[in-house]
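So the structure is just underneath, and the comments pick up after that.
A short reminder: the numbers here are calculations on the coordinates, not readings from a lab. Source: prediction; values computed, not measured. So basically every Cβ, Gly included, is an ideal-geometry build from the backbone, and we count neighbours across all protein chains shown.
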Amino acid sequence: MAIPIKNDAAIARMREACAVASTVLYKLKDSVKPGITTYDLDQIGRDLIADLGARSACYGYQVGSRRFPAHTCLSVNEEVVHGIGSLKRILYDGDIIALDVVVEYNGYIGDNAMTVPVGETSSARQKLLRVTEESLRLGIAQAKVGNRIGDISHAVQTHVEKHGFGVVRDMVGHGVGAHMHEEPQIPNFGRRKSGDVIRPGMTLAIEPMVNVGSWRTRTLRDGWTITTADGADSAHFEHTVLTTEEGPEILTIPRFDSPVTVHATG
Ligand code: MF3
Ligand code: CO
């Protein structure tokens, strides 16, 4: 299947959806503190999304016969991605939590994630967050017209493994647009100059998931939450990026100043 190329109207809508997703993510991050439950955080996320006139793309997201029951994905410590907010999961000082916000706004999807400390965390956990975010930046830098998807993958993997961490294999980044998951798949491991050629007008969700220990994962009995197989910590950062002749442009940048409004684009 071909990778969708967005025209100017689609790009305009992607900008809006991504600004909403990012604004929600940054505001949600400000509510992370010791003592709050992940259920409460998810409710805050739900309200932030509604306040901006958007819809959670996670809520009700269907895989087989299962529907995702929460509005955001909240993954604590050894949880990698797709954690479900719970009244039983209280955040403690020193935990780390990955916040993943995916919204649909005016027919397009913005997807972004970050992992933050709860209060003060250990230097080992701070390093995991730093290296994972750096690997995202390095991956994005490779999202240049004329490069291939494997150049992104290779840059992420090289940086992660240089620091002795493991890069998750069984989940990958993805194209994003009118649908949450579009072509191409964007693995966080791979060879340079492999995969599809990057052309202008692609919107790509690049999302390294990095484990302190082994890259292996397992799924909890809730059918959604992915954790590390060995119980060691994991982190996740994600941006939606537009490819242009002038280089990659991160679309998931928050907009606090003016309300996000969609202008009629026909
Ligand atoms: N950012 C995640 C992804 O791209 C969001 C998944 S939403 C869920 O897969 F519903 F599957 F949890
Ligand atoms: Co994603």
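Hey, any hits in segment 96-115 for a residue that's among the acidic types (Asp, Glu) and more than 17 Å from the chain's Cα centre (by Cα)?
Filtering segment 96-115 for residues among the acidic types (Asp, Glu) gives 100, 104, 111.
Filter again for more than 17 Å from the chain's Cα centre (by Cα), leaving none.
The answer is no, given that none of the residues of segment 96-115 is among the acidic types (Asp, Glu) and more than 17 Å from the chain's Cα centre (by Cα).
So how many residues does segment 149-181 have that are buried (at least 22 other Cβ atoms within 10 Å of the Cβ), hydrophobic (A, V, I, L, M, F, W, C), in a loop (DSSP other than H, G, I, E, B) and within 16 Å of ligand 1 (Cβ to nearest atom)?
So the count comes out to 2.
Only one of these conditions is not met by residue 146: (1) in a loop (DSSP other than H, G, I, E, B); (2) away from ligand 2 (no atom under 16 Å from the Cβ); (3) of a type in the set (Gly, Ala, Ser); (4) buried (at least 16 other Cβ atoms within 10 Å of the Cβ). Which number is it?
It is condition (4) that residue 146 fails.
Under the condition of being in a loop (DSSP other than H, G, I, E, B), of a type in the set (Gly, Ala, Ser) and out of contact with any strand residue (DSSP E or B) (no Cβ under 6 Å at 6 or more places or on another chain), which residue from segment 81-129 is nearest to ligand 1 (Cβ to nearest atom)? Step through it out loud before you land on a result.
Quick first cut of segment 81-129, residues in a loop (DSSP other than H, G, I, E, B) only: 82-89, 91-95, 106-107, 118-122.
Pick out the ones that are also of a type in the set (Gly, Ala, Ser) and you get 83, 85-86, 94, 107, 119, 122.
The next check asks that each one be out of contact with any strand residue (DSSP E or B) (no Cβ under 6 Å at 6 or more places or on another chain); those that pass are 86, 94, 107, 119, 122.
Numbers: 86: 14, 94: 25, 107: 18, 119: 25, 122: 26 Å.
That would be 86.
Does residue 217 count as more than 12 Å from ligand 1 (Cβ to nearest atom) and either closer than 30 Å to residue 123 by Cβ or loosely packed, with under 15 Cβ neighbours inside 10 Å (or both)?
Numbers: more than 12 Å from ligand 1 (Cβ to nearest atom): yes; either closer than 30 Å to residue 123 by Cβ or loosely packed, with under 15 Cβ neighbours inside 10 Å (or both): yes.
Judged against the criteria, residue 217 is a match.
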